[in-house]
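Peer 1: Can you read through this structure? Questions will come right after.
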Amino acid sequence: MSRNNSHKFIIISLILLVSLTCLYLWHIRKTGVSDDFFAMDTIMSLQAYGKDADKAVSEAREAILGLDAALSVTNKDSSVYRLNSTGSCSLNEDLQYLLERSIQIQEMTGGAFNICIYPIMKEWGFTEKNYKVPEEAVILELCKLVNGSKITIDTTADSVSLSEDAMIDLGGIAKGYASMKARDILKAHGINSALINLGGNVCAVGKKPDGSPFSIAIKDPEPDDTGENTFTGVLKVSDKCVITSGGYERYFEEDGVTYHHIIDPSTGYPAASGLKSVTVVSDDPTLADALSTAVYVMGKDRAVGLWRTMRDRFDLVLLSDTGQLYITEGLKDCFSSKLEYYIIE
Ligand code: AMP
Ligand code: MG
């Protein structure tokens with residue numbers, strides 16, 4: 001090849017490389033990068049738009065899988081397993097944050113949220129899916145391991161211990177925390193448009209690439225037989241997390257009675273507060289996850305009482321057992337539903 005020709009070849013190759021890179025970046029900005037995987041007992045999906053989306057999404061996925069391994073009650077290598085089986089374990093940043101927030105939210109919700117619920121969850125068979133209705137006397141005995149303050153955090157020794165035979169279960173808060181970690185990772189990579197969906201715990205990062213808000217549908221707890229997806233309502237949000245809890249998510253039936261997985265710590269039985277589904281909307285997904293579980297236990301009136309004391313921190317969509325739908329005032333401009341709904345002020 002002559003010198004002239006080899007110059008031409010290099011220039012054409014460079015132009016081709018730059019064009020292909022631009023095309024790839026344009027494609028990622030437009031269609032985004034998505035990743036679906038299984039963790040924390042549910043299907044998770046991450047969708048991000050932007051230059052670094054590929055790297056950001058795989059880092060977020062690794063972080064979530066790491067949290068799943070560290071926080072699982074059944075993984076024999078997890079910190080939580082060690083804590084539950086030996087009564088103590090060393091603290092790390094994730095565990096300390098989760099324990100401190102859990103205790104704070106337990107106090108805030110008058111005990112409706114309580115991670116020491118684990119012995120009762122186990123007795124009902126929700127952990128291993130070997131469901132059974134426990135003896136009433138057993139439940140009463142186990143309630144003693146739940147109520148009161150059973151967790152001692154020692155930040156000087158970097159350790160945590162549990163009193164008596166108490167055991168913890170972070171299932172009501174871990175997905176919210178995982179979405180907060182995922183959001184932090186995406187943002188650190190300069191992503192300002194993404195949707196994090198951890199089994200129905202949804203966080204919108206920024207707006208959609210076209211500048212419009214994300215639409216997040218709230219699942220109907222009792223969809224009709226048409227097989228079509230039906231929704232209780234839709235929220236149009238940007239930079240908000242929308243987290244839903246309901247007994248319909250996990251339950252079993254015995255002798256015609258349905259028993260679900262959200263337990264009222266004051267009775268040891270599945271919560272029966274008159275709510276079918278609770279959605280919490282907040283900037284803070286850890287708070288929203290724990291509160292969605294707690295509000296399902298608290299019921300509408302107690303939940304509204306709490307909302308009135310901290311209405312700048314979260315909003316609620318509540319669907320009652322009798323089909324009545326309520327939203328708190330902060331959602332009135334972003335919520336829509338085919339059902340009639342009441343606005344709580
Ligand atoms: P969620 O789907 O976020 O409402 O969480 C339900 C999970 O939270 C259950 O599977 C348990 O692991 C845990 N849990 C159940 N009842 C409570 C409670 N009262 N307080 C804290 N965690 C709970
Ligand atoms: Mg929750």
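Peer 1: Return the total of residues in the stretch 289-305 being more than 8 Å from ligand 2 (Cβ to nearest atom), in a helix (DSSP H, G or I) and of a type outside the set (A, V, I, L, M, F, W, C).
Peer 2: 5
Peer 1: Restricted to the stretch 190-200, and to residues that are within 13 Å of ligand 2 (Cβ to nearest atom) and either under 15 Å from Arg61 (Cα atoms) or out of contact with any helix residue (DSSP H, G or I) (no Cβ under 9 Å at 6 or more places or on another chain) (or both), which residue is most open to solvent (accessible area, probe 1.4 Å)?
Peer 2: It comes out as Gly199.
Peer 1: Quick check on this structure: which one of Ser282, Ser292, Ser266 is under 13 Å from Gly176 (Cβ atoms), near ligand 1 (Cβ under 10 Å from one of its atoms) and touching a helix residue (DSSP H, G or I) at 6+ places or on another chain (Cβ under 9 Å)?
Peer 2: Ser292
Peer 1: Moving on to the next point. Looking at the stretch 162-189, which of its residues are of a type in the set (Gly, Ala, Ser) and assigned to a loop (DSSP other than H, G, I, E, B)?
Peer 2: Initial filter on the stretch 162-189 (of a type in the set (Gly, Ala, Ser)): 163, 166, 171-172, 174, 176, 178-179, 182, 188.
Ser163, Ala166, Gly171, Gly172, listed by residue number.
Peer 1: Within the stretch 56-90, how many residues are among the small types (Gly, Ala, Ser) and assigned to a helix (DSSP H, G or I)?
Peer 2: 9
Peer 1: For the stretch 325-343, give me each residue that is open to solvent by less than 50 Å² (accessible area, probe 1.4 Å) and in a loop (DSSP other than H, G, I, E, B). Before the answer, list the steps.
Peer 2: Looking only at the stretch 325-343, we keep the residues that are open to solvent by less than 50 Å² (accessible area, probe 1.4 Å), and these are 325-328, 331, 334-335, 337.
If the condition is that a residue be open to solvent by less than 50 Å² (accessible area, probe 1.4 Å) and in a loop (DSSP other than H, G, I, E, B), then Cys334, Ser337 are the ones that fit.
Peer 1: Just name the residue that is farthest from the chain's Cα centre (by Cα) out of those in the stretch 161-180 that are away from ligand 2 (no atom under 16 Å from the Cβ) and over 23 Å from Gly110 (Cβ atoms).
Peer 2: To start, the set of residues in the stretch 161-180 that are away from ligand 2 (no atom under 16 Å from the Cβ) comprises 161-167.
Keeping just the survivors that are over 23 Å from Gly110 (Cβ atoms) gives 161, 165.
Working: Ser161: 25, Asp165: 27 Å.
It comes out as Asp165.
Peer 1: Report whether or not Asn147 is open to solvent by 40 Å² or more (accessible area, probe 1.4 Å) and either closer than 26 Å to Met108 by Cα or assigned to a strand (DSSP E or B) (or both).
Peer 2: Numbers: open to solvent by 40 Å² or more (accessible area, probe 1.4 Å): yes; either closer than 26 Å to Met108 by Cα or assigned to a strand (DSSP E or B) (or both): yes.
Spelling it out, Asn147 is indeed open to solvent by 40 Å² or more (accessible area, probe 1.4 Å) and either closer than 26 Å to Met108 by Cα or assigned to a strand (DSSP E or B) (or both).
Peer 1: Suppose the filter is away from ligand 2 (no atom under 16 Å from the Cβ), in the same structural domain as Ala290 (by TED's automatic domain parsing) and not basic (Lys, Arg); does Pro223 pass it? Steps first, answer last, please.
Peer 2: On the way: away from ligand 2 (no atom under 16 Å from the Cβ): yes; in the same structural domain as Ala290 (by TED's automatic domain parsing): yes; not basic (Lys, Arg): yes.
Considered against the rule, which asks whether it is away from ligand 2 (no atom under 16 Å from the Cβ), in the same structural domain as Ala290 (by TED's automatic domain parsing) and not basic (Lys, Arg), Pro223 comes out as yes.
Peer 1: Then there's this: Please enumerate the residues belonging to the stretch 56-74 that are without any contact (Cβ under 8 Å) to a residue 60 or more places away in the chain and touching a helix residue (DSSP H, G or I) at 6+ places or on another chain (Cβ under 6 Å).
Peer 2: Correct list: Ala70 only.
Peer 1: Same structure, new question: Filter the stretch 110-130 for residues that are part of a loop (DSSP other than H, G, I, E, B) and of a type in the set (Lys, Arg) and give the result.
Peer 2: Lys129
The values are calculated or read from the model by the stated rules, or taken from the named source; none is laboratory data. Computed from a predicted structure; not experimentally measured. Every residue, glycine among them, receives a Cβ derived from its backbone with ideal geometry; neighbour counts consider all protein chains shown. SASA here: full protein model, heavy atoms, side chains in, ligands and nucleic acids out. Shrake-Rupley method; radii C 1.70, N 1.55, O 1.52, S 1.80 Å.
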